[in-house]
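The values are calculated or read from the model by the stated rules, or taken from the named source; none is laboratory data. Note that the structure is a prediction, hence the values are computed from the model and not measured. Positions of Cβ are generated from backbone atoms using ideal geometry, with glycine treated the same way; all protein chains shown enter the neighbour counts. All accessible areas refer to the heavy atoms of the entire protein, side chains included, with ligands and DNA or RNA removed. Shrake-Rupley method; radii C 1.70, N 1.55, O 1.52, S 1.80 Å.
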Amino acid sequence: MKDKILYHLIFWVLYTLLEIYLDFAWLKYQFPKISDLQRFWYAMNGELGYLVVKIPVVYLCLYFVDHPSHYFNFFIKKFVAVLFVILCGVMLHRIYVHDIIYPFIYNQVEGEARFVSIGLFNGFMDLLFVIALAFGAEKSLQKIEIKNQLSEITNQKLDAELRLLKTQINPHFLFNTLNNIYGLSLIKSDQTSEIILKLAKIMRYNIFDSAKNEVPIDKEIENIQDFIDIHKIRHHSLTVEFSHEVDNKLQGISPLILLHFVENAFKHGVSESRFDSFIKIYLSVQNNILFYSVLNSKEENPNKESTKIGLKNIKRQLELLYPNHNLQLHENEKFFEIKLKFCFNNK
């Protein structure tokens with residue numbers, strides 16, 4: 001509301017300055033013998049006085065045109081109402097010129113009658129001009145406001161979609177981990193407490209940190225490492241290599257965006273039945289440019305459809321978060337590899 005009032009004030013200030021300039025130019029021919037300062041004084045006082053007539057006429061016309069009431073929902077009714085307001089304004093305009101401008105500002109009597117036709121026509125065109133300007137400005141403001149509202153709604157929708165994509169925790173991972181912890185507890189393994197701690201960290205990260213727009217990249221790296229350590233309990237014969245080179249560990253990144261590829265590699269790319277199963281993960285962040293690759297061996301009968309659903313989720317997140325990204329997928333009978341590259345939009 002404050003912005004709208006400010007826009008209207010700016011409109012009237014600019015319009016009044018324009019009218020003062022035009023009136024000043026006209027007064028050079030009307031009163032050629034007076035000084036420019038005197039002409040400016042005439043023009044300024046005359047135009048400021050006109051606002052008493054013009055402002056009510058303009059807003060009444062806008063009210064009749066945009067009012068949602070059923071009384072003015074037909075074009076003819078709106079046209080008649082606007083025409084009536086303009087005609088009343090023209091009459092007041094002529095009274096103001098004839099009875100105030102000339103005797104009190106110009107200090108002379110107007111040579112024409114109060115309601116002379118040329119005077120009425122000039123008043124009509126003057127009012128029509130300011131109404132047209134005001135109507136155009138108002139419609140432009142409404143269009144900008146609608147555009148901003150649509151943009152806000154779109155952003156809210158995309159944000160909601162992104163949050164949903166990011167918080168889709170795989171229940172199988174949780175159940176399998178709890179089963180493994182249960183098995184470790186039965187044999188009183190020293191790993192039990194460590195795995196419980198890592199699981200708690202992962203769940204905390206998924207629930208709380210994933211709600212943030214960005215986290216330091218070292219947190220994402222730590223979460224990936226915890227995820228790998230937990231999975232190693234189930235996949236004893238699996239070889240996992242995770243190397244990373246980061247020049248700025250405080251670099252912000254959207255949480256879980258990198259983990260999804262690792263989860264996809266464990267879920268669809270390795271099996272306890274294969275003795276040569278492997279996952280190789282490499283992460284590099286140098287000069288605000290991220291390069292990330294995940295290479296994994298393939299199962300003999302992978303669930304291809306499920307893999308496509310997971311990758312579709314990741315691709316959608318990348319489209320929303322890093323539209324400048326470059327994602328490449330390479331696949332053959334023995335391995336599956338993703339390569340991701342994008343530039344951080346640091347301010």
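Are any of the residues in segment 87-103 open to solvent by 90 Å² or more (accessible area, probe 1.4 Å), out of contact with any strand residue (DSSP E or B) (no Cβ under 9 Å at 6 or more places or on another chain) and modelled with pLDDT under 85?
No: segment 87-103 contains no residue that is open to solvent by 90 Å² or more (accessible area, probe 1.4 Å), out of contact with any strand residue (DSSP E or B) (no Cβ under 9 Å at 6 or more places or on another chain) and modelled with pLDDT under 85.
Could you tell me which residue of segment 144-191 is modelled with the lowest pLDDT, considering only residues that are at negative phi and not in a helix (DSSP H, G or I)?
So the residue we want is Ile169.
Does at least one position in segment 48-61 carry a residue that is touching a Leu at 6+ places or on another chain (Cβ under 9 Å), open to solvent by 20 Å² or more (accessible area, probe 1.4 Å), of a type in the set (Phe, Trp, Tyr) and under 30 Å from Ile76 (Cα atoms)?
Looking for residues that are touching a Leu at 6+ places or on another chain (Cβ under 9 Å), open to solvent by 20 Å² or more (accessible area, probe 1.4 Å), of a type in the set (Phe, Trp, Tyr) and under 30 Å from Ile76 (Cα atoms), one finds none in segment 48-61, hence no.
Counting only residues that are of a type in the set (Asp, Glu) and in a helix (DSSP H, G or I), which one in segment 202-226 is most open to solvent (accessible area, probe 1.4 Å)? Before you say what the answer is, go through the steps one by one.
Start the filter on segment 202-226 by keeping residues that are of a type in the set (Asp, Glu), which leaves 209, 214, 218, 220, 222, 226.
Then drop every residue that is not in a helix (DSSP H, G or I), which leaves 209, 218, 220, 222, 226.
Working: Asp209: 21, Asp218: 61, Glu220: 0, Glu222: 89, Asp226: 8 Å².
Checked segment 202-226; the qualifying residue most open to solvent (accessible area, probe 1.4 Å) is Glu222.
Determine which member of the set Glu194, Glu214 is under 45 Å from the mean Cα position of the chain (by Cα), modelled with pLDDT of 80 or more, within 20 Å of His231 (Cβ to Cβ) and acidic (Asp, Glu).
Residue meeting the stated conditions: Glu194.
Taking Lys298 as the residue in question, decide whether it is surrounded by 15 or more Cβ atoms within 10 Å (Cβ to Cβ), at pLDDT below 90 and among the charged types (D, E, K, R).
Against the criterion (surrounded by 15 or more Cβ atoms within 10 Å (Cβ to Cβ), at pLDDT below 90 and among the charged types (D, E, K, R)), Lys298 qualifies.
Examine segment 227-248 for a residue that is buried (at least 16 other Cβ atoms within 10 Å of the Cβ), within 19 Å of Asn313 (Cα to Cα) and touching a residue at least 40 places away in the same chain (Cβ under 8 Å), and state whether such a residue exists.
Taking every residue of segment 227-248 in turn, none turns out to be buried (at least 16 other Cβ atoms within 10 Å of the Cβ), within 19 Å of Asn313 (Cα to Cα) and touching a residue at least 40 places away in the same chain (Cβ under 8 Å).
Considering each residue of segment 1-47, count those that are open to solvent by less than 80 Å² (accessible area, probe 1.4 Å), among the hydroxyl-bearing types (Ser, Thr, Tyr) and touching a residue at least 24 places away in the same chain (Cβ under 8 Å), and give that number.
Of the residues in segment 1-47, 3 are open to solvent by less than 80 Å² (accessible area, probe 1.4 Å), among the hydroxyl-bearing types (Ser, Thr, Tyr) and touching a residue at least 24 places away in the same chain (Cβ under 8 Å).
Pairs needed: first member in segment 303-332, surrounded by 14 or more Cβ atoms within 10 Å (Cβ to Cβ) and among the hydroxyl-bearing types (Ser, Thr, Tyr); second member anywhere, part of a helix (DSSP H, G or I) and modelled with pLDDT of 80 or more; C-beta distance under 9 Å; at least 6 residues apart or different chains.
Cβ pairs passing all conditions: Thr307/Asn264.
Looking at (1) in a helix (DSSP H, G or I); (2) out of contact with any Leu (no Cβ under 7 Å at 6 or more places or on another chain); (3) farther than 22 Å from Leu14 by Cβ, which is the only condition Phe115 fails?
The single condition Phe115 does not satisfy is (1).
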